[in-house]
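All remarks here apply to the structure that follows.
The values are calculated or read from the model by the stated rules, or taken from the named source; none is laboratory data. This one's a predicted model, so the numbers in the text were calculated from it and none came from an experiment. Note: ideal-geometry Cβ built from the backbone for every residue, glycine included; neighbour counts use all protein chains shown. Side chains are part of the model used for accessible areas, which takes the heavy atoms of the whole protein and leaves out ligands, DNA and RNA. Shrake-Rupley method; radii C 1.70, N 1.55, O 1.52, S 1.80 Å.
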Amino acid sequence: DLSKLLDQLFPSTEISDSFGRENYEQAAYAEMLSYGYTGFSNQFDALDDQVKASNSLILVEGAEGSGKSSLLANWARRYQGISVNLQTPDSFLAKLHRKLRQFRTTAERTPTNSSTLLVTHFVDATESGSDWAEMLKRIMRLIKEHFGLSFEIPEARQLLPAAFGNCLFCIPADKKFV
């Protein structure tokens with residue numbers, strides 16, 4: 001039956017903690033956004049130029065449904081050296097099968113010795129994706145683990161904005177957080 005076939009093609013992944021589950025679901029959402037992407041390479045080039053030229057915040061804005069998340073998900077793939085097919089995609093199920101077999105979280109794709117940490121977070125990806133406090137805790141934990149930093153991540157929501165600022169300040173000057 002179909003459920004057995006799906007279980008065989010896409011075996012379930014046991015993830016025991018909420019951090020791992022959130023990373024997995026965020027990465028799965030980013031993968032979904034890559035199917036059939038029809039953006040333009042000049043948009044990727046503009047983002048590359050901004051990242052190279054600036055250590056400041058980059059804001060991508062547009063109307064709801066205009067493709068901001070797809071653009072950023074696909075740019076992040078390219079930035080990490082993962083191929084982005086701007087052509088018509090092959091069979092959706094075949095591509096999904098290949099992608100799920102190769103699946104890794106965003107944090108796992110970027111080598112831990114890399115001088116750059118790229119984090120993607122999509123508010124529509126998960127139930128808690130739009131919770132600003134959970135988002136900040138996730139990003140701080142990714143920064144902490146990637147750069148081998150030692151600081152506490154507070155549970156109290158009112159302490160998170162200041163802790164996030166301190167976290168960003170702790171990133172070594174020769175490293176980059178994107």
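For L72, work out the one condition from (1) at positive phi; (2) surrounded by 17 or more Cβ atoms within 10 Å (Cβ to Cβ) it doesn't fulfil.
(1)
Across segment 155-169, what is the number of residues that are under 19 Å from H121 (Cβ atoms), open to solvent by less than 70 Å² (accessible area, probe 1.4 Å) and not aromatic (F, W, Y)?
5
Search segment 50-63 for residues that are assigned to a loop (DSSP other than H, G, I, E, B) and pair each with any residue that is charged (D, E, K, R) when their beta-carbon atoms are under 9 Å apart and the residues are at least 6 apart or on different chains.
N55/K176; V60/K68; E61/K68; G62/K68
Quick check on my filter: what residues within segment 109-131 are more than 18 Å from D174 (Cβ to Cβ) and touching a residue at least 12 places away in the same chain (Cβ under 8 Å)?
Going through segment 109-131, the residues more than 18 Å from D174 (Cβ to Cβ) turn out to be 109, 119-131.
Those that are more than 18 Å from D174 (Cβ to Cβ) and touching a residue at least 12 places away in the same chain (Cβ under 8 Å): R109, V119, T120, H121, F122, V123, D124, A125, T126, S128, G129.
For segment 119-155, how many residues are within 30 Å of E64 (Cβ to Cβ) and either in contact with a Ser or Thr (Cβ under 6 Å, 6 or more places away or on another chain) or outside any loop (DSSP other than H, G, I, E, B) (or both)?
Step one: of segment 119-155, the residues within 30 Å of E64 (Cβ to Cβ) are 119-143.
Now restrict to residues that are either in contact with a Ser or Thr (Cβ under 6 Å, 6 or more places away or on another chain) or outside any loop (DSSP other than H, G, I, E, B) (or both): 120, 122-123, 132-143.
Final tally of qualifying residues: 15.
Residue check, Q102 against (1) at pLDDT 90 or above; (2) within 16 Å of the chain's Cα centre (by Cα); (3) open to solvent by 50 Å² or more (accessible area, probe 1.4 Å), all met but one. Which one?
The one condition Q102 does not meet is (1).
For segment 21-77, enumerate the residues that are more than 18 Å from the chain's Cα centre (by Cα), of a type in the set (A, V, I, L, M) and at pLDDT 85 or above.
Result: A46, A63.
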